[in-house]
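Engineer: Here you go, one structure.
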Amino acid sequence: MDNIRKKKVESQLKREISGIIMRDIKDPRVKMVSVHGVSLTNDLRIAHVYVSVMGDEKEKKRVMAGLKNASGFIRKEIGDRIRIRYNPELKFTIDETIEQQARVMKLLKTIEETND
């Protein structure tokens, strides 16, 4: 698989999935979601979609259930919008990097305050 083509398809999928989630999904459980990245397998059959969700653990579980429920609709919309041989199966995963970065920054700030 050509790596450049794979990156282009991932980028296009990210844009399309973000737009579909923001504009087309009517499920009230799916709110305050941002798509941070898409990673395709080499055969382009499975797309791992990394999302960030605002809220506590209960809210995150509700949003993930809503996304799982809407994955068929999102997959159909992607098939209509992007012309690729195989319409990839979508697997949503919560991306914890923003929360981890905030935790690290908080720890660094407390260390800096204790050293002063």
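Read-outs: derived from the displayed coordinates by stated rules, not from any lab. Note that the structure is predicted; figures quoted are calculated from it, not measured. Cβ: placed from backbone, ideal geometry, glycine included. Neighbour counts: every protein chain shown.
Engineer: Using label points projected 7 Å from each Cα along Cα→Cβ, tell me how many nm separate Asp116 and Asn69, to one decimal.
Structural biologist: So the label points at Asp116 and Asn69 sit 4.8 nm apart.
Engineer: Hey, rough spin-label estimate for Asp56 and Asp2, points 7 angstrom out along Cα→Cβ, what's it come to in nanometres?
Structural biologist: 5.0
Engineer: With angles folded into 0 to 90 degrees, how steeply does helix 97-115 sit against the dominant principal axis of the chain? Use alpha carbons for both and round to 10.
Structural biologist: 10
Engineer: Continuing with the same structure: Can you tell me which lysines have their Cα less than 16 Å from the Cα of Lys68? Leave out same-chain residues fewer than eight positions away.
Structural biologist: Lys26, Lys31, Lys58, Lys60, Lys76, Lys91
Engineer: Dipole of the chain (Lys/Arg Cβ +1, Asp/Glu Cβ -1, origin at the Cα centre): which of Leu40, Ile84, Gln100 lies farthest to the positive side?
Structural biologist: Ile84
Engineer: Taking segment 3-115 as the region of interest, what is the percent of Cα-Cα pairs per 5 angstrom bin, listed from the shortest bin to the one with the maximum distance?
Structural biologist: 2, 11, 21, 21, 15, 11, 8, 5, 4, 2, 1, 0
Engineer: How much length, in nm to one decimal, is gained on full extension between Arg85 and Asp27, taken as 0.36 nm per residue of separation minus their Cα-Cα distance?
Structural biologist: On the way: separation 58, 0.36 × 58 = 20.88 nm, distance 2.89 nm.
So the chain would gain 18.0 nm between Arg85 and Asp27.
Engineer: Here's something else I'd like to know. Per the helix-only calculation at 222 nm, which mean residue ellipticity applies to the chain, given -39500 (n - 2.57) for every DSSP H run of n ≥ 4 and division by its residues, nearest 500 deg cm²/dmol? Please report the intermediate quantities before stating the final value.
Structural biologist: Working: 3 runs with 61 residues, N = 116.
One gets -18000 deg cm²/dmol as the mean residue ellipticity at 222 nm.
Engineer: Nearest 0.05, what FRET efficiency do Asn42 and Ala102 give at R0 = 35 Å with Cβ-Cβ as r? Can you show the working numbers first?
Structural biologist: Numbers: r = 33 Å, r/R0 = 0.95.
Rounded to the nearest 0.05, the efficiency is 0.55.
Engineer: Can you give the three extents of the C-alpha atoms in segment 1-58 along their principal axes, from longest to shortest, in whole Å?
Structural biologist: Reported extents, whole Å, longest axis first: 39, 24, 16.
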